[in-house]
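Below: the structure, in structure tokens.
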Amino acid sequence: MSAPSFSDIQMHVVRPNQPVIGKVVESTPCLKGRSASYVRHVAIDVSGTPLAGSFCVGQSFGVIPPGQNEKGKPHAVRLYSISSPSWGEDGNGNVLSTTCKRLIDETSSDDPEEHGLFVGVCSNYLCDCKVGDEVLVSGPAGKRFLLPEDPAKHDYVFVATGTGIAPFRGMVMELLEHPDGPKDCQIHLVVGVPYGTDLMYDDWFRKMEEDHPGFHYHTVISRPEVGRRMYVDQYIVETVEPFHEVLAADRTLLYVCGIEGMQFGIYKLLETLGVSGGYVTLPEGMESMVDCDHAAMKKVRPGDRCMVEVY
Ligand SMILES: Cc1cc2nc3c(=O)[nH]c(=O)nc-3n(C[C@H](O)[C@H](O)[C@H](O)COP(=O)(O)OP(=O)(O)OC[C@H]3O[C@@H](n4cnc5c(N)ncnc54)[C@H](O)[C@@H]3O)c2cc1C
């Protein structure tokens, strides 16, 4: 097995209890057309702070929203995946970005009279921020969801649901746009969203696919207007070429990012294809499990070639 090695990375150079000020320099919609979701690409200039130059693609950073929670305490930090490459949006590591989805829901209550709107604190704050606004930030966080030190030694399967796409934007940039980046590796990005209009950075990924023969962009829609519902794990199992071969290869690294519930399907698919040994150690009896068993999930141990970031 070719286990990847990772370069030393920095973590927590700015703690959430002593955040620094970043300035929003870009906020643009990530979705095209009309969608029931609201997702923005938000870029924040952290130049002059310890965060500048210290973050790495695949890590996340913290945002501390202003105001207080219902207990009268300052709001807690929220983490957001960095969607820029390690050199930032500006090329010098001064501007990091993320892909922020507004959390908007109906309030959940047993009282039928209670049917207000639940509006997530930080995601809506960040999406509301205008260019020029100051934001309290911390980080970086995360030490495992990283690209390997020698990226040319590997091929990649990236699986994203929802805003799990964020780190893969930066990783695809880093692998394909760096002048010294790997030239011959194969990268498969599988993106799952409910509706076609929920695809994020879709035009950019399509352009990258046109320009780079080794990059393959797969979109999987779980609630299509016509046709069959499809989920990312189902898609990979059913799309024999190229996934079965690429996942069976020792040099392939698997990255999974997005909705927590996606893990079960991914682990099951690895087992179905008979390749789980390279990526995860699964608890006994998982092969016969039909629905996600949370106790069993806690016993899953990702291996060297599997990187998971779910929330
Ligand atoms: C490592 C990591 C990376 C992340 N990356 C990203 C990213 O790139 N992009 C992104 O958008 N998010 C990302 N997140 C999620 C992000 O940190 C926040 O959790 C998210 O933005 C929601 O925060 P909020 O403050 O808006 O919601 P909050 O105000 O914190 O509300 C969320 C809470 O409300 C509860 N809730 C939800 N609906 C209801 C309801 N109807 N009634 C009552 N309670 C409800 C939820 O259970 C949850 O506990 C990431 C999280 C982690 C851990």
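Using bins of 20 Å that start at zero, the share of Cα-Cα pairs per bin across the chain amounts to 31, 59, 10, 0, in whole %. Using the Cβ-Cβ distance between residue 293 and residue 107 with R0 set to 45 Å, the FRET efficiency works out to roughly 0.95.
Considering only protein heavy atoms and a probe of 1.4 Å, how much of the accessible area of the chain is carbon and sulfur, as a whole percent? Intermediate values should be presented prior to the final figure.
On the way: 7730 of 15480 Å².
Ligands and nucleic acids excluded, carbon and sulfur give 50 percent.
Under a 1.4 Å probe, what is the accessible area of the chain per residue, stated in Å²? Heavy-atom SASA per residue in the chain reads 50 Å².
Which translational diffusion coefficient, to the nearest whole µm²/s, is obtained for the stretch 20-141 from the Stokes-Einstein equation, given a Kirkwood hydrodynamic radius over C-alpha pairs, 37 °C and 0.692 mPa s? Result for D is 215 µm²/s. Size estimate for the stretch 173-311 follows the Kirkwood approach: the inverse of mean 1/r over distinct Cα pairs works out to 16.3 Å. Taking only the alpha-carbon positions of the stretch 158-206 and ignoring solvent, what does the Debye formula give for the base-10 log of I(q)/I(0) at q = 0.23 Å⁻¹? Once normalised to I(0) and log-transformed, intensities are -0.86.
Given contacts defined as C-alpha pairs under 8 Å and at least six residues apart, what's the relative contact order of the stretch 198-255, whole-number percent?
On the way: 23 pairs, mean separation 8.5, N = 58.
Relative contact order, the stretch 198-255: 15 percent.
Counting only DSSP beta bridges whose two residues both lie in the chain, roughly 55 percent are antiparallel. For the stretch 17-42 versus the stretch 265-311, the spacing of their alpha-carbon centroids is 33 Å.
For n ≥ 4 DSSP H runs only, could you compute -39500 (n - 2.57) per run for the chain, divide by its residues and tell me the 222 nm figure to the nearest 500? Working shown, then result.
Numbers: 8 runs with 66 residues, N = 311.
Theoretical 222 nm ellipticity from helices: -6000 deg cm²/dmol.
The values are calculated or read from the model by the stated rules, or taken from the named source; none is laboratory data. Bear in mind that the values here come from a model prediction, so they are computed numbers and not experimental data. Note that we place each Cβ from the backbone using ideal geometry, even for glycine, and neighbour counts take in every protein chain shown. Only protein heavy atoms, including side chains, enter the accessible area calculation; ligands, DNA and RNA are left aside. Shrake-Rupley method; radii C 1.70, N 1.55, O 1.52, S 1.80 Å.
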